[in-house]
Amino acid sequence: MDTNWELFRPFGAHETEGAGRLRLFENFLFNRILTAVLSVFGAMLVIVVLLNMVPGDPATALLGPMATPEYAQRFIAEMGLDQPIYVRLWKFFSQVAVGNLGTDVISGRSVNAIVWNALPHTFALALASMGLACLIGIPAGVYGAVHKGSIGDTLMAMVSVVFVSVPSFILGIFLLIVFSVMLNWLPVLGVSDNATLGDHLVRMILPTVALALGWIGLIARLVRTSMLEALGQNYVRTARAYGLRENMIHYKYALKNAVIPTLAIIGMGIGRLLGGAVLIEIIFARQGLGSVLYDALQARNFSVLQGSVFVVVVIFVVVNLLTELSYSFFDPRIRYNRR
Amino acid sequence: MLTSTNFTRRSILAGIAGLSAATMLPGGPAWAQEQRSLTVRISREIQNLDPPFMTGTTDSNVLRAVFQRLVAYVPNKYEYELDAAEKMEQVSPLQIDFTLKKGQMFTGGYGELTADDVKFSFERYIRPDAEGKESSYKADWAALVEVQVHDTYTGSIILSKPSPSLWEVVLAGTSGLIQSRKAVEALGAEHSRTPIGSGPYMVTSFEAHRGLTLSRNPDFADYVPDYETVNLIYIANQKTAELALRAKEIDFTELSIDAAEELIGAEGITVEKRPGQRFVWMGMNMQKAPLDNLAVRKAIRAAIDVDEMVLAGYQGNAPRLNTMIPPGLLGHWSDAPVYQRNVDEARQLLAESGVTLPITLKLTLLNEPGFQNMGLVAQALLSEVGINIEIDQREAATFWSSGKGESGDDLELFFLRFNANPDPTYNARWFLPSQIGDWNWQRFDSAEFARIQDESGSNLDRDSRVQQIIELQKLMDESASMVWLTNEVFALGYQSSVQPAFLPDGNNWQFPYFKAI
């Protein structure tokens with residue numbers, strides 16, 4: 001039964017407005033975290049079921065033709081693939097509950113170590129790419145809206161469409177051929193054994209650009225559309241009537257409102273990129289999470305695959321939760337009493 | 001109590017922008033620095049550096065640089081010389097005596113290499129470890145009874161039956177590597193990542209999913225490898241490896257044939273293409289109708305044009321193969337029949353077979369361009385005699401389980417590729433009746449084949465052993481269940497300043513013998 005506890009509150013003990021907001025926020029947070037946990041569980045269930053359906057013998061893929069049938073059988077048992085799905089899921093979540101993602105049966109390494117080694121590379125690439133995309137895409141979108149119909153706007157629309165439609169791995173190879181082989185300005189390999197910070201940063205330029213270009217196009221188009229709507233609002237006309245400078249109107253007032261829908265896309269984009277920019281990581285030989293996932297899938301290395309997919313799902317869900325929470329930060333008119 | 005923070009929307013946005021800008025800052029061109037080191041691309045991750053449990057040639061190339069053997073291959077040849085042993089003698093068909101050189105030290109302070117380490121290393125293959133785990137290379141040491149230790153430096157290898165391939169395949173190969181008993185017992189599972197050897201190199205860093213670094217072992221006294229360090233970098237993508245070679249970021253890599261063609265003539269790069277030792281054939285499941293009919297199998301063999309298929313698959317780069325053992329390897333049947341396309345004969349055989357035309361067969365193949373092209377040619381050629389081919393191309397993991405267990409019952413036609421081993425008896429083992437449901441996808445079930453194969457495995461007379469191997473190939477030919485296609489070609493690309501060393505199969509790289517020129 002739903003009890004309205006407000007009726008039993010002693011007279012005069014009304015919550016202050018601040019406390020009420022806090023409670024609304026707590027409710028909102030609780031609901032979202034619950035949803036996030038269920039999403040992670042649901043996603044893992046689907047993934048384990050799908051992995052179970054993928055054809056191919058993991059023992060053959062990993063051990064090769066030299067393996068004896070006895071060893072292949074033992075290997076399957078060590079991976080737990082001879083057990084029903086619900087047992088595997090239960091075991092996996094029991095391990096996860098104590099912070100253990102399992103052990104890679106082939107190398108004997110902990111999956112935690114494999115994932116944690118890969119994560120910094122993925123984080124660096126995802127944040128740099130999205131940062132670059134925002135840095136260029138947002139001003140480009142504003143420019144397109146303010147100069148609607150101009151040659152610059154048309155040109156940007158065309159370039160944006162090209163960026164969005166050409167797959168990042170094609171751009172990656174193109175950039176490698178031009179900047180690494182023909183001009184010899186930048187290295188081919190995206191990661192260095194030489195541990196200097198400068199070297200690491202230089203090696204990040206091409207993969208970052210390859211990954212960012214598509215997002216630049218997308219963000220530019222989104223911001224342009226939102227800005228066009230914002231520029232038609234009354235408060236913009238009022239600001240102009242007050243004689244404010246155009247730049248201040250565009251960037252301080254109109255953009256602040258126009259950028260809200262884009263935030264959702266950026267949040268989702270960061271989630272996706274953190275989940276592994278698989279092809280870019282492979283092309284630039286970076287050992288990020290996407291690359292780990294790809295190799296594990298190729299080899300049917302289920303222990304690594306399961307653990308890294310779990311981390312990807314968690315990252316995606318958390319980033320989306322943070323994105324949702326950030327809406328009110330960027331727009332104070334948004335409150336948490338809306339479900 | 002809630003406290004205010006100094007973060008504002010503006011400061012956070014400015015921070016994000018700053019962070020992005022910072023990551024874009026240029027640094028010194030360290031990638032271009034000259035180093036006295038060799039950088040080698042590996043196309044597969046290093047998985048396990050514990051010899052009995054290694055998973056392929058990427059692992060074994062590292063292991064052979066780190067560990068010593070009693071005998072080891074000389075550069076570029078299937079010929080061996082003494083390595084850790086000072087003296088070795090086959091005193092009888094069932095006993096090999098050895099004497100070790102003195103003062104060969106394991107790295108990491110694990111002491112001197114002794115006869116007890118030899119016993120420990122070899123017997124690991126025939127007995128499960130403490131956790132019950134067995135080596136997947138157990139068959140290499142199937143004839144081993146025990147290694148007897150006489151004193152610190154001498155011992156005897158005792159066999160249950162003569163083993164003619166033991167010297168060049170096992171002792172000189174990866175299964176003959178000598179580990180430190182102390183190190184393996186002390187390090188446990190960690191030993192599969194930080195191997196302790198006494199060979200020319202030692203592993204100084206190993207980053208999973210990235211690669212490893214080999215550094216010269218200062219205690220190794222036999223010779224000094226030319227390169228101080230060998231960096232093995234994992235690059236999965238073939239195109240990236242090609243570009244990295246062009247940009248001089250790597251010194252040595254295997255290449256696809258297409259990439260090799262493009263790189264020929266590139267400045268400062270040497271491309272080497274040689275006939276390979278992997279045998280490729282079109283197999284037919286002899287237990288599945290209508291392929292259980294010998295006349296149908298012979299008709300298919302007569303209807304296809306091997307030369308055209310190989311030309312389409314390898315753009316004229318690979319030689320035709322007429323029998324299982326490629327030329328140059330012991331047991332090659334040089335007089336094997338060279339089947340030419342004969343449509344009339346194929347039609348006649350089909351008429352004699354009693355099957356009703358047209359028939360439809362599924363051709364299962366790996367999703368590699370070469371196999372796909374050969375499949376398309378076979379499809380066109382066979383349609384002329386009333387055999388319709390449905391091509392079923394599969395990615396690696398799915399493909400390699402196609403002929404196993406029950407799924408093998410439904411297999412019809414397929415392309416298959418195996419790596420040839422210097423030991424012909426070993427190559428023939430995959431076609432034994434006992435391999436049906438495992439690797440004998442043809443389901444070629446010949447008791448005579450099994451008998452001769454078994455006898456050849458313990459025949460120490462080279463000439464009569466070659467005859468036995470040829471007999472095996474004749475039996476395969478009579479079954480008409482295998483149409484040999486090619487032994488492929490391998491291509492390697494390297495900077496012209498490097499003189500590489502590798503065995504004739506092109507897969508086994510000998511890092512300690514690489515030289516800077």
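Please report, ordered by residue number, the strands (runs of 3 or more DSSP E) entirely within the stretch B:242-347 with at least 2 residues that are crowded, with 22+ Cβ neighbours inside 10 Å.
B:252-255, B:278-284
How many residues does the stretch A:117-152 hold that are farther than 30 Å from residue B:211 by Cα, free of Cβ contacts under 8 Å to residues at least 12 places away in the same chain and in a helix (DSSP H, G or I)?
4
Across the stretch B:340-391, what is the total count of residues that are more than 28 Å from residue B:407 (Cβ to Cβ) and acidic (Asp, Glu)?
Count: 4.
What pairs come up if the first residue lies in the stretch B:421-445 and is assigned to a helix (DSSP H, G or I), the second is surrounded by fewer than 24 Cβ atoms within 10 Å (Cβ to Cβ) and modelled with pLDDT under 85, and their beta carbons are under 6 Å apart, counting only those six or more places apart or on different chains?
Listed by first residue and then by second, the contacts come to B:427/B:420; B:427/B:421.
Considering the stretch A:231-266 alone, what residues qualify as being within 24 Å of residue A:131 (Cα to Cα), surrounded by fewer than 21 Cβ atoms within 10 Å (Cβ to Cβ) and small (Gly, Ala, Ser)?
A:264
Would it be correct to say that residue A:326 is touching a residue at least 12 places away in the same chain (Cβ under 8 Å) and open to solvent by 20 Å² or more (accessible area, probe 1.4 Å)?
yes
For the list (1) more than 10 Å from every other protein chain (Cβ to nearest Cβ); (2) modelled with pLDDT under 50; (3) open to solvent by less than 80 Å² (accessible area, probe 1.4 Å); (4) part of a loop (DSSP other than H, G, I, E, B), I need the number of the one condition that residue B:27 fails.
In the conditions (1) more than 10 Å from every other protein chain (Cβ to nearest Cβ); (2) modelled with pLDDT under 50; (3) open to solvent by less than 80 Å² (accessible area, probe 1.4 Å); (4) part of a loop (DSSP other than H, G, I, E, B), residue B:27 misses (1) alone.
Matching residues to (1) under 17 Å from the mean Cα position of the chain (by Cα); (2) within 23 Å of residue B:422 (Cβ to Cβ); (3) of a type outside the set (Phe, Trp, Tyr):
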{"position": "B:151", "(1), (2), (3)": "no, no, yes"}
{"position": "B:154", "(1), (2), (3)": "no, no, yes"}
{"position": "B:163", "(1), (2), (3)": "no, yes, yes"}
{"position": "B:174", "(1), (2), (3)": "yes, yes, yes"}
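Can you name every residue in the stretch B:52-105 that is in contact with a helix residue (DSSP H, G or I) (Cβ under 9 Å, 6 or more places away or on another chain), farther than 20 Å from residue B:214 by Cβ and among the acidic types (Asp, Glu)?
B:79
Can you go through A:164, A:146 and tell me which one is under 16 Å from residue A:265 (Cβ atoms) and either surrounded by fewer than 21 Cβ atoms within 10 Å (Cβ to Cβ) or of a type in the set (Val, Ile, Thr) (or both)?
Going through A:164, A:146 in turn, just one is under 16 Å from residue A:265 (Cβ atoms) and either surrounded by fewer than 21 Cβ atoms within 10 Å (Cβ to Cβ) or of a type in the set (Val, Ile, Thr) (or both): A:164.
Among the helices (runs of 4 or more DSSP H) contained in the stretch A:202-310, which hold 3 or more residues that are modelled with pLDDT under 85? Walk me through how you get there before you give the answer.
Working: elements: A:234-241, A:255-274, A:278-283, A:289-298.
Qualifying helices (runs of 4 or more DSSP H): A:255-274, A:289-298.
If you take just the strands (runs of 3 or more DSSP E) that sit entirely in the stretch B:149-217, which of them hold at least 2 residues that are in contact with a strand residue (DSSP E or B) (Cβ under 7 Å, 6 or more places away or on another chain) and more than 14 Å from chain A (Cβ to nearest Cβ)? Step through it out loud before you land on a result.
Numbers: elements: B:154-159, B:201-207, B:211-216.
Output list reads B:154-159, B:201-207.
Hey, among the residues in the stretch A:111-124 that are at the interface with another protein chain (Cβ under 9 Å from one of its Cβ atoms) and within 16 Å of the chain's Cα centre (by Cα), which one's nearest to residue B:207 (Cα to Cα)?
The selected residue is A:118.
If you go through the stretch B:407-456 one residue at a time, how many are among the basic types (Lys, Arg) and closer than 29 Å to residue B:508 by Cβ?
The qualifying residues number 2.
Filter the stretch B:224-241 for residues that are assigned to a loop (DSSP other than H, G, I, E, B) and either in contact with a Cys (Cβ under 8 Å, 6 or more places away or on another chain) or not acidic (Asp, Glu) (or both); which is surrounded by the most Cβ atoms within 10 Å (Cβ to Cβ)? Even if it seems obvious, please write down each step before you answer.
So the first thing to find is which residues in the stretch B:224-241 are assigned to a loop (DSSP other than H, G, I, E, B), and the list is B:224-228, B:235-237.
Then drop every residue that is not either in contact with a Cys (Cβ under 8 Å, 6 or more places away or on another chain) or not acidic (Asp, Glu) (or both), which leaves B:224-225, B:227, B:235-237.
On the way: B:224: 12, B:225: 23, B:227: 23, B:235: 26, B:236: 20, B:237: 19.
It comes out as B:235.
Got at least one residue in the stretch B:490-511 being aliphatic (A, V, I, L, M), more than 30 Å from residue B:375 (Cα to Cα) and part of a helix (DSSP H, G or I)?
No.
Looking at B:216, B:246, B:181, B:193, can you tell me which residue is basic (Lys, Arg), in the same structural domain as residue B:101 (by TED's automatic domain parsing) and modelled with pLDDT under 95?
Details: B:216 fails: modelled with pLDDT under 95; B:246 fails: in the same structural domain as residue B:101 (by TED's automatic domain parsing); B:181 fails: modelled with pLDDT under 95.
Step by step, each of B:216, B:246, B:181, B:193 is checked, and only B:193 is basic (Lys, Arg), in the same structural domain as residue B:101 (by TED's automatic domain parsing) and modelled with pLDDT under 95.
For the list (1) out of contact with any strand residue (DSSP E or B) (no Cβ under 7 Å at 6 or more places or on another chain); (2) open to solvent by 40 Å² or more (accessible area, probe 1.4 Å), I need the number of the one condition that residue A:110 fails.
(1)
Quick grid of which residues meet (1) at negative phi; (2) more than 10 Å from chain A (Cβ to nearest Cβ); (3) of a type in the set (D, E, K, R):
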| residue | (1), (2), (3) |
| --- | --- |
| B:396 | yes, no, no |
| B:399 | yes, no, no |
| B:402 | yes, no, no |
| B:405 | no, no, no |
| B:412 | yes, yes, yes |
| B:415 | yes, yes, no |
| B:427 | yes, yes, no |
| B:430 | yes, no, no |
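For the stretch B:257-283, which residues satisfy the criterion of being within 17 Å of residue B:505 (Cβ to Cβ) and either free of Cβ contacts under 8 Å to residues at least 40 places away in the same chain or within 18 Å of the chain's Cα centre (by Cα) (or both)?
Matches in the stretch B:257-283: B:257, B:273, B:274, B:275, B:276, B:277, B:278, B:279, B:280.
Looking at the structure I just gave you, is residue B:461 farther than 25 Å from residue B:56 by Cα and either among the β-branched types (Val, Ile, Thr) or surrounded by fewer than 17 Cβ atoms within 10 Å (Cβ to Cβ) (or both)? I'd like the intermediate steps shown before the answer.
Values: farther than 25 Å from residue B:56 by Cα: yes; either among the β-branched types (Val, Ile, Thr) or surrounded by fewer than 17 Cβ atoms within 10 Å (Cβ to Cβ) (or both): yes.
It is true that residue B:461 is farther than 25 Å from residue B:56 by Cα and either among the β-branched types (Val, Ile, Thr) or surrounded by fewer than 17 Cβ atoms within 10 Å (Cβ to Cβ) (or both).
I need every pair where a residue in the stretch A:90-116 that is without any contact (Cβ under 8 Å) to a residue 60 or more places away in the chain has its Cβ under 6 Å from the Cβ of a residue that is open to solvent by 40 Å² or more (accessible area, probe 1.4 Å) and in a helix (DSSP H, G or I), sequence separation at least 6 or different chains.
Final answer for the pair search is A:108/B:189.
Taking residue B:134 as the residue in question, decide whether it is surrounded by fewer than 19 Cβ atoms within 10 Å (Cβ to Cβ) and free of Cβ contacts under 8 Å to residues at least 60 places away in the same chain.
No.
Can you give me the number of residues within the stretch A:113-138 that are over 30 Å from residue B:187 (Cα atoms) and open to solvent by less than 50 Å² (accessible area, probe 1.4 Å)?
Of the residues in the stretch A:113-138, 13 are over 30 Å from residue B:187 (Cα atoms) and open to solvent by less than 50 Å² (accessible area, probe 1.4 Å).
Take residue A:208 and tell me if it is under 20 Å from the mean Cα position of the chain (by Cα) and either closer than 30 Å to residue B:210 by Cα or away from chain B (no Cβ under 12 Å) (or both). Explain how you work it out, then say what you get.
Values: under 20 Å from the mean Cα position of the chain (by Cα): yes; either closer than 30 Å to residue B:210 by Cα or away from chain B (no Cβ under 12 Å) (or both): yes.
Considered against the rule, which asks whether it is under 20 Å from the mean Cα position of the chain (by Cα) and either closer than 30 Å to residue B:210 by Cα or away from chain B (no Cβ under 12 Å) (or both), residue A:208 comes out as yes.
Tally up the residues in the stretch B:115-148 that are of a type in the set (Asp, Glu), closer than 22 Å to residue B:88 by Cα and within 14 Å of chain A (Cβ to nearest Cβ), please. Give the derivation first.
Pass one, the stretch B:115-148, residues of a type in the set (Asp, Glu): B:116-117, B:123, B:129, B:131, B:134, B:140, B:146.
The next check asks that each one be closer than 22 Å to residue B:88 by Cα; those that pass are B:116-117, B:123, B:140, B:146.
With within 14 Å of chain A (Cβ to nearest Cβ) added as a condition, the list becomes B:140.
Residues meeting the conditions: 1.
The values are calculated or read from the model by the stated rules, or taken from the named source; none is laboratory data. For clarity, every value in this text was computed on a predicted model and none was experimentally measured. Neighbour counts are summed over all protein chains in view; Cβ atoms, including those assigned to glycine, are modelled from backbone coordinates with ideal geometry. Remember, those area values only see protein heavy atoms, side chains included, never the ligands or the DNA or RNA. Shrake-Rupley method; radii C 1.70, N 1.55, O 1.52, S 1.80 Å.
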